[in-house]
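Okay, so here's the structure we're looking at.
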Amino acid sequence: MLLSFPLTASPWPGDPDLKVRDSYLERLTDRFQVVIADYPKLGPEIGKGSAVPPEQFTAERACADLLSLADAAGFDQFIFWGYSFGAVMGLQLAARTDRLSALICGGWPPLGAQYADMLTITRKMADTPDIPVSVDQYVTYCESIQVWNEVSPSCPKLAIYGELDEMDYPDGISLRIAPTIREHRAELEADGWTVKEMTGHHHGLFQDASAMVPPVREWLDSLVN
């Protein structure tokens with residue numbers, strides 16, 4: 001299993017003591033081989049991996065790097081689990097390879113996602129001084145996915161999100177993650193997605209492994225039993 005962004009192998013501001021990371025691992029590694037990488041490297045002082053030049057961090061480049069990581073881990077087929085931007089990467093990866101045995105898309109809509117708004121938000125953030133995260137790379141990535149058909153992968157797929165996951169940004173932009181998934185739920189389920197809404201949770205759902213992992217683990221176990 002590749003466990004992706006926002007979880008990282010080394011400390012970052014959202015998990016300085018790696019408690020969140022370790023709480024995931026202790027709930028998964030009894031059955032699954034799990035690889036977590038500092039990818040993408042969040043900033044000059046955040047993460048131990050090598051940074052991709054921001055202008056090169058396209059969806060195509062990220063997918064190639066993730067597949068190289070799977071190769072290095074000895075994974076032919078593998079589960080990909082991403083949350084938020086990690087889920088965006090997972091959807092792009094699933095559209096480019098048949099090596100996924102399952103896809104877990106957390107905190108992001110598999111259909112109807114606001115990619116244009118996401119690009120506007122990242123561009124504004126890139127112009128904000130004193131942000132320790134390398135935002136320019138996300139601008140490049142978002143630019144690279146503005147024109148693509150939201151393709152549903154053929155592998156087993158789970159969409160999981162917090163009931164209250166909606167984030168407001170300046171200039172009246174709101175990322176309507178939970179409302180969008182609810183609006184498309186019937187279409188998603190008809191296309192083979194399992195959809196799980198977590199009551200009372202916001203976008204920070206991923207930080208609570210005790211809430212996040214059990215329903216995902218139940219779903220994963222049902223696939224391999």
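Read-outs throughout are calculated quantities, based only on the coordinates presented, and are distinct from any laboratory measurement. Predicted, not measured: the structure shown is a model, and the values here were computed from it. Using ideal geometry, Cβ is built from the backbone for each residue, glycine included, and neighbour counts are taken over all protein chains shown.
For the stretch 157-173 and the stretch 62-79, write down the distance between their C-alpha centroids in whole Å. Using only Cα atoms to place each centre, the spacing works out to 28 Å.
If you look at the Cα atoms of the chain, you get an Rg and a Dmax of 16.4, 50 Å.
In order along the stretch 108-115, the phi-based Karplus estimate (6.51 cos²θ - 1.76 cosθ + 1.60, θ = phi - 60°) of 3J(HN,Hα) comes to 7, x, x, 10, x, 5, 8, 5 Hz; Gly and Pro are listed as x.
Report the charge-dipole magnitude of the stretch 2-224 in Debye, nearest 20, computed about the Cα centre from +1 at each Lys and Arg Cβ and -1 at each Asp and Glu Cβ.
Numbers: 17 positive and 32 negative charges, 71 e Å.
Here the stretch 2-224 has a charge dipole of around 340 debye.
Bridges between two residues of the stretch 2-224, per DSSP, are antiparallel at a rate of about 15%. For a straight C-alpha distance cut-off of 20 angstrom, the aspartates and glutamates reachable from residue 41 (same-chain residues fewer than eight places away being disregarded) are 15, 17, 22, 55, 60, 65, 71, 127, 130, 136, 143.
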